[in-house]
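These notes concern the structure reproduced below.
The values are calculated or read from the model by the stated rules, or taken from the named source; none is laboratory data. Owing to the predicted nature of the structure, the values given are computational and were not obtained by experimental measurement. A quick note on method: Cβ atoms are made from the backbone with ideal geometry, for glycine too, and the neighbour counts reach across all protein chains shown. Surface accessibility is based on the protein's heavy atoms, side chains included, excluding ligands, DNA and RNA. Shrake-Rupley method; radii C 1.70, N 1.55, O 1.52, S 1.80 Å.
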Amino acid sequence: MKAAVIHEHGGPGSIKVEANFPDPKPGPEDVIVRVRATSLNYHDLFTRRGMPGIKVPMPCIMGIDFAGEIVETGSAVKDWRVGDRVLIDPLDRVNHGGLIGEMSHGGLAEFCKVPAHHLVKLPDAITHEEASCLPVAYGTAVRMMYTIGRVKEGEKVLILGASGGVGTCCVQLAKLAGCEVIACASSAAKLERLQSLGADHLLDYTQHKLTDWVFEKYGKPHRRFYTRGVDVVVNFTGGDTWVPSLRILHRQGRMLTCGATAGFDPKEDIR
């Protein structure tokens with residue numbers, strides 16, 4: 001099969017398109033998926049470059065987000081049939097084997113071997129291209145906003161990095177829950193796009209200080225009160241944004257995070 005393969009970590013030139021990479025063979029509990037669409041996730045860059053503490057088996061076919069249809073099933077697979085349209089959840093929640101597209105071959109190929117417990121049935125109304133944009137960004141956002149954060153109608157939710165993949169998902173999910181959404185980004189073009197996705201308020205953090213904007217809009221939180229400030233901050237940047245994010249939350253407010261793109265060991269203020 002044709003596949004985009006890396007044999008070592010490096011820059012863009014480390015990716016090689018190989019025309020005769022070995023076709024995958026299913027184990028008893030696997031299926032073979034014909035890949036119809038793969039999106040490019042920022043995690044694929046981490047995999048290509050290499051990350052401290054994570055040993056990626058080589059050669060590696062990246063592609064953490066993809067969708068397609070089943071063309072072959074293993075002998076023990078009961079609930080799936082050849083021809084089923086599927087979306088792939090890349091996280092191994094059963095055997096804890098890591099991510100498809102990192103610890104095993106992913107979607108940047110014509111075919112991919114996928115354990116059946118990673119499969120999600122794809123409704124006919126959803127295209128493969130649309131589906132391939134969902135797993136990592138929307139899966140992360142759903143767990144963060146609904147499963148863990150439990151955002152609810154009427155809450156004020158401020159989202160840092162709102163123009164990125166997870167950020168735009170958080171904006172839409174917060175609006176679906178009936179929240180008042182403050183979207184933060186670094187340019188007028190990004191903010192205009194976020195407004196079209198439903199953001200109620202727009203904050204250009206290159207022009208306005210986060211704490212000043214929130215204090216002026218909602219009041220400065222007091223340690224004894226449950227009012228003023230915001231109810232929820234979505235912060236997956238870390239770094240210098242961490243303490244200001246704590247300062248704009250009222251008592252029993254929640255900080256939701258899924259990463260640390262601006263620094264993983266920020267200064268803390270335990271007050």
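Give the Debye-formula value of log10 I(q)/I(0) at each listed q (0.27 Å⁻¹), with one equal scatterer per alpha carbon of the stretch 203-263, two decimals each. The Cα Debye sum returns log10 ratios of -1.16. Here the dipole of the stretch 34-91 is about 180 debye; that uses its Cα centre as origin and unit charges on the Cβ of Lys and Arg (positive) and Asp and Glu (negative). Each of residue 16 and residue 45 was given a label point 7 Å from its Cα along the Cα-to-Cβ line. The distance between the two points is 2.5 nm. Among 225, 111, 66, the largest mean-square fluctuation in a Gaussian network model of the chain, built with springs joining Cα atoms closer than 10 Å, belongs to 225. Remark: the chain carries a charge dipole of roughly 920 debye about the Cα centre, counting +1 on each Lys and Arg Cβ and -1 on each Asp and Glu Cβ. Using only side-chain charges placed at the Cβ, +1 for Lys and Arg and -1 for Asp and Glu, the dipole size of the stretch 62-122 relative to its Cα centre rounds to 200 debye. With Cα atoms as the point set, the stretch 69-110 shows a radius of gyration and Dmax of 11.5, 27 Å. Backbone amide hydrogens, once placed in the peptide plane, bring residue 205 within less than 5 Å of 185, excluding anything fewer than 5 places away on its chain.
Cα-Cα over 25 Å: which of 152/217; 175/217; 16/78; 25/121; 121/190?
Check vs 25 Å cut-off fails for 16/78; 121/190.
Using θ = phi - 60° in the Karplus curve 6.51 cos²θ - 1.76 cosθ + 1.60, the 3J(HN,Hα) couplings for the stretch 92-108 round to 7, 8, 9, 9, 6, x, x, 9, 5, x, 9, 8, 9, 4, x, x, 7 Hz; x is entered for Gly and Pro. For residue 2, the aspartates and glutamates whose Cα comes closer than 20 Å to its Cα, not counting residues fewer than 8 places off in the same chain, are 18, 23, 44, 65, 69, 72, 102, 110, 129. For the pair the stretch 199-271 / the stretch 1-33, the C-alpha centres are spaced 42 Å from each other.
With the charge dipole of the chain set up from +1 on Lys and Arg Cβ and -1 on Asp and Glu Cβ about the Cα centre, the Cα lying farthest toward the positive end among the listed residues 120, 211, 10 is that of 211. For the stretch 1-85, GluC sites (Glu not before Pro) meeting the loop criterion (DSSP other than H, G, I, E, B) and having at most 14 other Cβ atoms within 10 Å: 8. DSSP assigns beta bridges within the chain; of those with both partners inside it, close to 65 percent run antiparallel.
Solvent-accessible surface of the stretch 11-89, averaged per residue with a 1.4 angstrom probe and all protein chains in place: 54 square angstrom. Think of the stretch 1-102 as a dipole: +1 on every Lys or Arg Cβ, -1 on every Asp or Glu Cβ, centred on the Cα centre; then among 96, 37, 73, 37 lies furthest on the positive end.
Near residue 136, once Lys and Arg are set to +1 and Asp and Glu to -1 for all other residues with Cβ below 12 Å from its Cβ, the sum equals -3. Pairs of Cα atoms nearer than 8 Å and 6+ residues apart set the relative contact order; for the chain it is 13 percent.
Counting only DSSP H runs of at least 4 residues, each contributing -39500 (n - 2.57), and dividing by the residue count of the chain, the helix-based mean residue ellipticity at 222 nm comes to -5500 deg cm²/dmol.
Run the paramagnetic zone check for residue 23: 7 angstrom along Cα to Cβ, then residues of the stretch 72-87 with backbone nitrogen under 14 Å. Of the residues in the stretch 72-87, 72-73 have backbone N under 14 Å from the label point off residue 23. Backbone phi angles across the stretch 34-40, fed through the Karplus curve with coefficients 6.51, -1.76 and 1.60 (θ = phi - 60°), yield HN-Hα couplings of 7, 6, 9, 7, 10, 9, 9 Hz in residue order; Gly and Pro are listed as x.
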